[in-house]
Amino acid sequence: MQIEIVTLFPEMFEGPFGHSIIKRARGNNLLNINTVNPRDFTYDKHRIVDDTPFGGGAGMVMKPEPFFRAVDHITTSSVCENRRVILMCPGGARLDQKKCQELATYDQLILICGHYEGIDARVSQFLVDEAISIGDYVLTGGELPAMVIVDAVARMLPGVLGSHDSAKHDSFYNGLLEYPQYTRPREYEGYEVPEILLSGDHAKIERWRRKQSLKNTLERRPDLLEKFQLGAEDQKLLAEILAERA
Ligand code: 4GN
């Protein structure tokens, strides 16, 4: 996958994409990340990217031309049939695991990061395919949200996670929260690992893990459970959980 990030602050991306799984994915050519600076697409002496809002009011608004030209530069210099242009925006559709899986199917993502008080609305109206938000809060720029998208989408790409750290067991991936995991030591300062995990009975362990997943989801994210299609075994486990509560 090719990811183009349109940002006034390309240096911000050097750290987060230079480590661990994302670094490995880039090294293996599964992921190619590039930044484009809209300031390089201003043609005035002072390379101005923002201006005061029409209609008055406080703050500055980012001008449309640098964004249109930057995206035009990307789309005309790379042949790609299957791309998506995305604006990082507090008012966009909320990012979730399903959206990350969907975004992972594109060959190219163009992520647009804004700053200041806002971006000229023609960018979201006529340049982007969709606006995405990583949550109901406002940040000083779209850079951190773009990093979140890159990270979450990259680990959905085939080959990025090793088979041992596959996404299958992730929270949200299968619609439930993850079951708790433990490693050595068996006992730390009196805190013990659940006995069943040491039993070697794999069928029992699978059942226990599924039950813990259901229990965690019920207790912490009942909204997820409402949308979830419970199988026959899940219904039995859930009945057990509710009985144990009473
Ligand atoms: C996205 C962008 C939060 C999000 C942002 C989010 C930059 N803050 N929740 N800030 O995903 C005005 C112009 C704020 C750009 C925008």
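The values are calculated or read from the model by the stated rules, or taken from the named source; none is laboratory data. Just so it is clear, the model here is predicted, and its values are computed rather than measured. Reconstructed Cβ throughout: ideal geometry from the backbone, glycine too, with neighbour counts over all protein chains shown.
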- Task: Report, by residue number, each residue of segment 139-164 that is surrounded by 15 or more Cβ atoms within 10 Å (Cβ to Cβ), more than 8 Å from the ligand (Cβ to nearest atom) and among the small types (Gly, Ala, Ser).
- Result: 146, 152, 154
- Message: Take the residues in segment 104-163 that are small (Gly, Ala, Ser) and without any contact (Cβ under 8 Å) to a residue 40 or more places away in the chain; name whichever of them is farthest from residue 65 (Cα to Cα).
- Response: 163
- Select from segment 1-15 the residues that are closer than 22 Å to residue 157 by Cα, crowded, with 17+ Cβ neighbours inside 10 Å and out of contact with any Ser or Thr (no Cβ under 7 Å at 6 or more places or on another chain) and list them in ascending order. 1, 3, 4, 6
- Query: Looking only at residues in segment 105-122 that are modelled with pLDDT of 95 or more and closer than 17 Å to residue 39 by Cα, which one is farthest from the chain's Cα centre (by Cα)?
  - Reply: 120
- For segment 82-101, which residues satisfy the criterion of being more than 9 Å from the ligand (Cβ to nearest atom) and either touching a strand residue (DSSP E or B) at 6+ places or on another chain (Cβ under 9 Å) or not charged (D, E, K, R) (or both)? 82, 83, 84, 85, 86, 93, 97, 99, 100, 101
